[in-house]
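> Once you've had a glance at the structure underneath, I'll fire off some questions.
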Amino acid sequence: MKIYLATGNKNKKREMAQILENHTIVIPSDEGICFNPVENGTTFYENSLIKARALYELVHCPVIADDSGICVSALGGAPGIYSARYAGPSFPQGKPDGSKIPQSEQNKFLVEQLNDALTKGTDSSAFPNGPRSAHYTCAMVLYLGGDRLYVAEETMEGTIVPSLEDAAGTGGFGYDPLFFLPQYGKTAAQLSADEKNAVSHRGKATRAILQIIKDTQI
């Protein structure tokens, strides 16, 4: 089956295509489709559905959309849905003009903001992995038109490294070099593709959607 992914991120396409290997996976840029919907939802799910519906209106074929981000416990879950636009503590929801800063700067700001929050005595007793707890969230929608849709939401739990000097790995993308997984003793960027797909928020959500496709014989 041909499935469109509502993204311009080729890294997402690569990760998801490995799981959806028996299907033809296409992103809008593969076919010269201009796709840049306004993601003005207040949750990962809302943004995912916005993207799915917008692309379906253009292609009228099954669409998978996901919205994902990193949520740091001591920062109240920030940057969360604003992870791609995050521009430090001054602009946690992104710059007013919509411009984005390089990922290296986002990584620097995130570590500094977390360290600053912890020096102010943030209560971390309820955090699952200690004061530096964080998780990735992925909300994924399989959209088939009208009111027919399926949703999977998953997380990947871990911690944020203490400093940029501790960031490691060249795999993955985004905040992966900062995101440490205690069970592996590695950052997400140090995992192999198979290891990451096995434990990642997006890998788990994609497998859930794949099972839905199989069960419903779409």
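The values are calculated or read from the model by the stated rules, or taken from the named source; none is laboratory data. Quantities reported herein were computed from a predicted structural model and do not represent experimental measurements. Every residue, glycine as well, gets a Cβ built from its backbone with ideal geometry; the counts of neighbours run over all protein chains shown. Quick note on the areas: whole protein, heavy atoms, side chains included, nothing else; ligands and nucleic acids left out. Shrake-Rupley method; radii C 1.70, N 1.55, O 1.52, S 1.80 Å.
> If you take every DSSP beta bridge fully contained in the chain, what fraction is antiparallel? Give it as a percent rounded to 5.
Just about 85 percent of them are antiparallel.
> Then there is this: Taking the chain as a Gaussian network, where each spring joins two C-alpha atoms under 10 Å apart, which residue of Gly76, Gly41, Gly94 fluctuates the most?
Answer for the Gaussian network model of the chain: Gly76.
> So, in Å, what gap is there between the alpha-carbon centers of region 118-179 and region 1-62?
21
> Further question: Convex hull volume of the Cα atoms in region 127-218, per residue, in Å³?
Output value, Cα hull per residue: 114 Å³.
> Identify which of Tyr86, Tyr45, Tyr184 has the largest mean-square fluctuation in a Gaussian network model of the chain, with springs joining Cα atoms closer than 10 Å.
Sorting by GNM fluctuation, first place goes to Tyr184.
> If you don't mind, another one. Could you give the dipole magnitude of region 1-49 about its Cα centre, charging the beta-carbon of Lys and Arg +1 and that of Asp and Glu -1, in debye to the nearest 20?
Here region 1-49 has a charge dipole of around 140 debye.
> Please report the relative contact order for the chain, taking Cα pairs under 8 Å with a sequence separation of at least 6, and give it as a percent rounded to a whole number.
The value is 18 percent.
> Now for a different question. Leaving out ligands and nucleic acids, note down the accessible area per residue over region 94-147 with a 1.4 angstrom probe, in whole Å².
51
> Ignoring ligands, DNA and RNA, what percent of the accessible area of the chain is carbon or sulfur (1.4 Å)?
Of the solvent-accessible surface of the chain, carbon and sulfur hold 50 percent.
> State to the nearest 20 debye the size of the charge dipole of the chain about its Cα centre, where the only charges are +1 on K and R beta carbons and -1 on D and E beta carbons.
240
> Further, regarding this structure: Taking amide H positions as placed 1.01 Å from N in the peptide plane, with prolines and chain starts having none, which residues 5 or more places from Lys186, or on another chain, fall under 5 Å of its amide H?
Those qualifying (amide H under 5 Å, at least 5 residues apart or on another chain) are Leu181.
> Continuing with this model, one more query. Assuming a ≥ b ≥ c are the square roots of the Cα gyration tensor eigenvalues, decide whether the chain counts as rounded (a/c under 1.5), prolate (otherwise, with a/b larger than b/c) or oblate.
Since a/c reaches 1.5 and a/b is larger than b/c, the shape of the chain is classed as prolate.
> A further question on this structure: Please tell me the relative contact order of region 14-135 in percent, rounded to the nearest whole number, where contacts are Cα pairs under 8 Å and at least six residues apart. Intermediate values should be presented prior to the final figure.
Details: 130 pairs, mean separation 21.4, N = 122.
Worked out over region 14-135, it gives 18 percent.
> Mean residue ellipticity at 222 nm from the helices of the chain, using -39,500 (n - 2.57) per DSSP H segment of n ≥ 4 over the full residue count, to the nearest 500 deg cm²/dmol?
The helix contribution divided over the chain gives -9500 deg cm²/dmol.
> State, to one decimal in nm², a quarter of the convex hull surface area for the C-alpha atoms of region 1-82, i.e. the direction-averaged projected area.
Directional mean of the projected Cα hull area for region 1-82 stands at 5.7 nm².
> Right, here's the next one. For the chain, modelled as a GNM with alpha-carbon contacts under 10 angstrom, which of Leu20, Leu58, Leu181 fluctuates the most?
Leu58
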